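One structure is given below, encoded as structure tokens.
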């Protein structure tokens, strides 16, 4: 009797889920739709329309200004260097955490995710205290003639810090769910560590790597806080695209600022499209989805 009662209650819940009434459901959907339109769709649409308000010719003229072109190229260069570095770090960190059992494992996981809880501006200031002229390694770097702060290395380092967890955070839960049975079987059959990684581990987590790389790339190209502190914001030298947008706006070049912002908006939309495509390819491949 109890089983029948439980099944009947479950059937009732499935027919009328919580919040699925004739009033609650349209109300919740309406509120979510209105909030999404007001706080997401409308601002992004205004960026694009404002950038194109003066015409396509003016739009491309603003984008082809030397300082803006340099900012775009520097942003792309930063992404090209930072994303592969974070992929390697994410794979190494996830492998270490999930394949080995050692004291301090939980602390290492927390350390990997630390950039999520630290303000990017605080991270930039911390780098100043380490690599600045008055910082921990500043005098030594000055003697060696190496300039880190207010130069390209500072931009790369700050971008690496704020994006460090993206790939690792995608891979760690995935590798934990998959376990070590397949790797152990491969080693038992005579495979070396490198062969096990390339032929067993990497194919199983390839979609997690791609997904983490997509998110990492989007964050690198849009990073502002940490880069603004360590770059010095030197026009035509250390300004990435987000910094260039701020400079253009401060110069009252609103059309140029919106044109540059449109590029970042396009990157955001492209990131979403690629993310959806990757998720569908992952589903079609029949591989287990990443744990939420």
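The values are calculated or read from the model by the stated rules, or taken from the named source; none is laboratory data. The model shown is predicted, which means the values in this text are computed figures rather than measured ones. So basically every Cβ, Gly included, is an ideal-geometry build from the backbone, and we count neighbours across all protein chains shown.
Odds and ends about this structure:
- Considered as a group, the residues in segment 138-156 that are in contact with a helix residue (DSSP H, G or I) (Cβ under 6 Å, 6 or more places away or on another chain) and not in a helix (DSSP H, G or I) include one that is surrounded by the most Cβ atoms within 10 Å (Cβ to Cβ), and that residue is 149.
- Condition check for residue 161: at pLDDT 90 or above and either more than 26 Å from residue 101 (Cα to Cα) or in contact with a strand residue (DSSP E or B) (Cβ under 7 Å, 6 or more places away or on another chain) (or both): no
- Some residue of segment 32-48 being assigned to a loop (DSSP other than H, G, I, E, B), surrounded by 15 or more Cβ atoms within 10 Å (Cβ to Cβ) and touching a helix residue (DSSP H, G or I) at 6+ places or on another chain (Cβ under 8 Å): no
- Residue list for segment 109-127, filter: farther than 26 Å from residue 138 by Cα and surrounded by 15 or more Cβ atoms within 10 Å (Cβ to Cβ): 109
- Residue tally, condition closer than 30 Å to residue 228 by Cα and outside any helix (DSSP H, G or I), over segment 159-179: 1
- Checked against (1) at pLDDT 90 or above; (2) assigned to a helix (DSSP H, G or I); (3) surrounded by fewer than 17 Cβ atoms within 10 Å (Cβ to Cβ), residue 182 passes all but condition (1).
- Scanning segment 115-129 for residues that are assigned to a helix (DSSP H, G or I) and either within 30 Å of residue 185 (Cβ to Cβ) or in contact with a helix residue (DSSP H, G or I) (Cβ under 8 Å, 6 or more places away or on another chain) (or both) yields a total of 9.
- Sub-8 Å Cβ pairs linking a first residue in segment 129-140 that is touching a residue at least 24 places away in the same chain (Cβ under 8 Å) to a second residue that is part of a helix (DSSP H, G or I), at least 6 apart or interchain, are 131/138; 131/141; 131/154; 131/157, ordered by first then second residue.
- Qualifying residue in segment 274-292 (condition: at pLDDT 90 or above, farther than 23 Å from residue 58 by Cα and part of a helix (DSSP H, G or I)): no
- Long-range neighbours under 6 Å by Cβ, at least six apart or interchain, first residue on the phi < 0 side of the Ramachandran plot and without any contact (Cβ under 8 Å) to a residue 24 or more places away in the chain within segment 221-246, second buried (at least 24 other Cβ atoms within 10 Å of the Cβ) and in a helix (DSSP H, G or I): 245/260
- Residue within segment 50-65 that is in a helix (DSSP H, G or I), at pLDDT below 90 and surrounded by 10 or more Cβ atoms within 10 Å (Cβ to Cβ) present: yes
- Condition met for residue 198 (out of contact with any strand residue (DSSP E or B) (no Cβ under 6 Å at 6 or more places or on another chain), surrounded by 15 or more Cβ atoms within 10 Å (Cβ to Cβ) and at pLDDT below 90): no
- Considering residues of segment 96-108 that are surrounded by fewer than 19 Cβ atoms within 10 Å (Cβ to Cβ) and touching a helix residue (DSSP H, G or I) at 6+ places or on another chain (Cβ under 8 Å) only, the residue farthest from residue 210 (Cα to Cα): 105
- Test: residue 87 is touching a helix residue (DSSP H, G or I) at 6+ places or on another chain (Cβ under 6 Å), over 20 Å from residue 210 (Cα atoms) and surrounded by 13 or more Cβ atoms within 10 Å (Cβ to Cβ): no
- Tally of residues being part of a helix (DSSP H, G or I) and touching a residue at least 40 places away in the same chain (Cβ under 8 Å) across segment 89-113: 11
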